[in-house]
Amino acid sequence: MAANENKEYSHKFDECPTCDGDLQYQNEADAECLNCGEVFYHEIRANRHLLWDYDELGWMRGVVSRA
Ligand SMILES: [Zn+2]
């Protein structure tokens, strides 16, 4: 049970939704794709994990992946 909770809490998206490259995390929330250089924002909201995409101006564009 405890291990399961821990896994849930530390869930991370590790594949880029755009190119399937590896995501590298600068911190808990900010991830950058090592392959295409796109940056994403990882948000935990009510135990759902959301991965946001940015547009060219740095605005969050939309959720590209959820878990
Ligand atoms: Zn990528």
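Bear in mind that the values in this text are calculations on the coordinates, not laboratory data. Computed from a predicted structure; not experimentally measured. Cβ placement follows ideal geometry from the backbone for every residue including glycine, while neighbour counts extend to all protein chains displayed.
Among HIS42, HIS49, which comes first, then next, by fewest other beta-carbon atoms within 10 Å? All intermediate terms of the calculation are to be shown ahead of the outcome.
Working: HIS42 20, HIS49 16.
Sorted ascending by nearby Cβ count, the order is HIS49, HIS42.
Residues with beta-carbon under 13 Å from that of ASP20, excluding ASP20: net charge, scoring Lys, Arg +1 and Asp, Glu -1?
Value of the local net charge: -4.
Within the set of other residues whose C-beta is less than 13 Å from the C-beta of GLY58, count the net charge using Lys and Arg as +1 and Asp and Glu as -1. Show your work: numbers first, answer last.
Values: positive: ARG61; negative: ASP30, GLU38, ASP53, ASP55, GLU56.
Cβ neighbours under 13 Å give a net charge of -4.
Using a basic spin-label model with each label point 7 Å from the Cα along Cα→Cβ, how many nm lie between ALA29 and GLU15?
Placing both labels 7 Å beyond Cα along the Cβ direction yields 2.7 nm.
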